[in-house]
Structure formats: C-alpha cells, structure tokens
Amino acid sequence: MSSTVLVAGSANLDFVVRAAHVPAPGETVLGRQFRTFPGGKGANQAVACARAGGADTRMLLALGEDDFARPIEASLGDAGVRLHVVRDAQLPTGTAFICLSDDAENAITVAPGANMALQPMHLPPLDGVQWLLLQLETPLDTVLAHARAARAAGVKVALNAAPAQVLPAALLAALDMLIVNEGELDVVAGHPPDLATGLARLQVPCVIVTLGARGCLARSEGRILLQPAFSIEPVDTTAAGDTFCGTLVASLARGQTLQQALLRASAASALACTRLGAQSSIPDHAEVAALLADTARVPGAAAHAALATACAL
Ligand code: RIB
C-alpha cells in the first residue's frame, strides 16, 4: 500500500529579479532579468514530496480567483499533487517578491493574500494519510488546529517553522517532528546560547536543524544524527529548505530510516540550489538517485567529522 502525505499551507507566485546584490534598507539597485515562478513554502514542499516518489501527495491550499493562481495550480498538478483548493473571492493569490543576488543570496517579502483565508474547518478527511506537513505562512490558529486534528487521528505531524515565529506550547506538543534552520531555532527556542541548549529546550520527539552549506543534524530518540551537505556551486537557494522538508517527509512516509531520509533530503536540497526558481528547481527521484549513486560526491567520513566538530555536540 502506498503512503500518503498531506501538505497544508501556503502557495505564492514568486516575482523574482536578479541583481548584483540584495539592496540594503533605503537603497535602490538596478536589477537584470525578471521572471515569475510558482512558489510558496507549502506548495514547494508538496512538489518536493511528490517528486521524491513513493508517497501520494495531497495539498490543502487557499488561492484567489485571479490569474496568479493558474501557474501555481499547473505546477502542482504537473508534479502529481492532488489538490484541495479553498477559493477566496475577496483576497488575491499569495505573492512573494524576491531579490536574488549574483552570489545566490536572496531577500524575500511575502504578501500572503489568500493564504490567510485557510481555516481550521478546511482540513480534508485524513483517511489514509500518514504524515501532515505544515509551515507558518498561513494563520497560526489554523496550523495549530490542523496539527491537533491530525494528532488526534493518529497522523504524524511535521512542522517547518518558517518564517520564524514564537510557537505556542500547544503546537509544539502536537508535533512529531520540527524542522528549523539556525535562525528559526533561535526564535523558536527563545534565543539559546548554543545549538545544544536550543535542542534541549524543544520537547518535540524529533528536531531537525538545517545548517546551510554545512549540512544538518537531527535529535531523535535521544540520539544525534548528522548529515553533511553535498558540495555544489549555488545559483539560487530559494526553496532549498522546502525541498529538504518535502523530500524528508516523503522518504519517511515510504519507510526509510531517519538517516536515509536526511541523506536523500540533503541531496535533493543541494540539487535545488543549482537551478533558478522555487518549484522549477526541485529535482525528481531519478536525479536524486543519480547524485546518490555518484559516490565521489556523497559526503564521507571526513565531512561527518568536520560537521560533528562544527556542531560541538
Ligand atoms: O521558501 C521559499 C518560498 O518562500 C518562496 O517560494 C516564497 O514564495 C516564500 O514563500
């Protein structure tokens, strides 16, 4: 029987301009190419989950009744994601304004629009769902209600706490897995002095911290697992974290161990950084398998040792 992942969250149309550098406050920079890409943390994670293979992927999302919704629905549909769409006639489809610099840095401002119309009552029936994957670009009350409903139905709940915000204890208590980057860990764990303290403060069964170009670590069942990053030349890191989250949950849903899932998610996320755009950059199962088969590119023992030293755990 194939497993099912439900992603509940945001979808945006990304307006991307490339420039030499991301403008500082008050600065104007002349950019170069402008393009739009289907994005949004929830939709990106759903696409990553579907492209990872092995898990049926469904997504609950809210869109406006406008032209911005069309490329988003097309991208999700092409990836094979089954959609539960809440259509809001009053609000525009979510948008994100992204400046992408030549050194692959970005600055993102989101106008959530219809994403804010997602309500607790919109959660579809959870029959057959193994994992619910959530983010924080939709109302926090809705995220909490969906997490609690899934937990009550015996569905595993993963939250990518992005964009960072302080989380209510009730939400943390409803989670099986929390995925954060270092900035998000800082906010969610109340500005800990170091990684170990941050991990110790979070009473979630599995906490995963992504560390950018260094890799990631997981604390699960009292153990620390490390996964160094794949070495790449980044072009655009937009959706790298989303690719990691979607691939990770898809891998767990198809029965892989946490260490295997971290490896696969790291490989997919590295590939996503080598291409432009959000959903357009997310690799499929075959591309990830090819990278994993290239043993010269899979991080080895020295990379593990370096990451352990960097984490000081
Ligand atoms: O994580 C990347 C995403 O953040 C972009 O696609 C943008 O839409 C924002 O939601």
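The values are calculated or read from the model by the stated rules, or taken from the named source; none is laboratory data. This one's a predicted model, so the numbers in the text were calculated from it and none came from an experiment. Here Cβ is always computed from backbone atoms with ideal geometry, including for glycine, and neighbour counts include all displayed protein chains.
Rundown of residues vs (1) surrounded by fewer than 24 Cβ atoms within 10 Å (Cβ to Cβ); (2) assigned to a strand (DSSP E or B), yes/no style:
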residue	(1), (2)
Leu225	yes, yes
Phe230	yes, no
Pro234	yes, no
Thr238	no, no
Cys245	no, no
Val249	no, no
Gly255	yes, no
Ala268	no, no
Leu276	yes, no
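Is it the case that segment 80-92 has a residue that's out of contact with any helix residue (DSSP H, G or I) (no Cβ under 6 Å at 6 or more places or on another chain), under 26 Å from Asp284 (Cβ atoms) and either within 14 Å of the ligand (Cβ to nearest atom) or at pLDDT below 95 (or both)? No, segment 80-92 contains no residue that is out of contact with any helix residue (DSSP H, G or I) (no Cβ under 6 Å at 6 or more places or on another chain), under 26 Å from Asp284 (Cβ atoms) and either within 14 Å of the ligand (Cβ to nearest atom) or at pLDDT below 95 (or both). Considering segment 201-223 alone, what residues qualify as being of a type outside the set (S, T, N, Q), part of a strand (DSSP E or B) and surrounded by 16 or more Cβ atoms within 10 Å (Cβ to Cβ)? Selection gives Cys206, Val207, Ile208, Val209, Gly215, Cys216, Leu217, Ala218, Arg219. Somewhere in segment 98-120, is a residue at pLDDT 95 or above, closer than 28 Å to Arg219 by Cα and surrounded by fewer than 23 Cβ atoms within 10 Å (Cβ to Cβ)? Among the residues of segment 98-120, not one is at pLDDT 95 or above, closer than 28 Å to Arg219 by Cα and surrounded by fewer than 23 Cβ atoms within 10 Å (Cβ to Cβ), which makes the answer no. Of all the residues in segment 163-200, those that are within 16 Å of the ligand (Cβ to nearest atom) and buried (at least 21 other Cβ atoms within 10 Å of the Cβ) number 3.
Looking across segment 83-105, just one residue is within 14 Å of Glu73 (Cα to Cα) and of a type in the set (Gly, Ala, Ser), and that is Gly94. Only one of the numbered conditions (1) of a type outside the set (S, T, N, Q); (2) part of a helix (DSSP H, G or I); (3) surrounded by fewer than 17 Cβ atoms within 10 Å (Cβ to Cβ); (4) touching a residue at least 40 places away in the same chain (Cβ under 8 Å) is not met by Ala290, and that is (4). Among the residues of segment 223-254, which ones are in contact (Cβ under 8 Å) with a residue 60 or more places away in the chain and farther than 30 Å from Pro71 by Cα? Within segment 223-254, Ile224, Leu226, Gln227, Pro228, Ala229, Phe230, Ser231 qualify.
Those residues that are out of contact with any Gly (no Cβ under 9 Å at 6 or more places or on another chain), among the polar types (S, T, N, Q) and under 25 Å from Asn12 (Cα atoms), I need them from segment 226-275; list them, please. The answer is Thr243, Thr247, Thr274.
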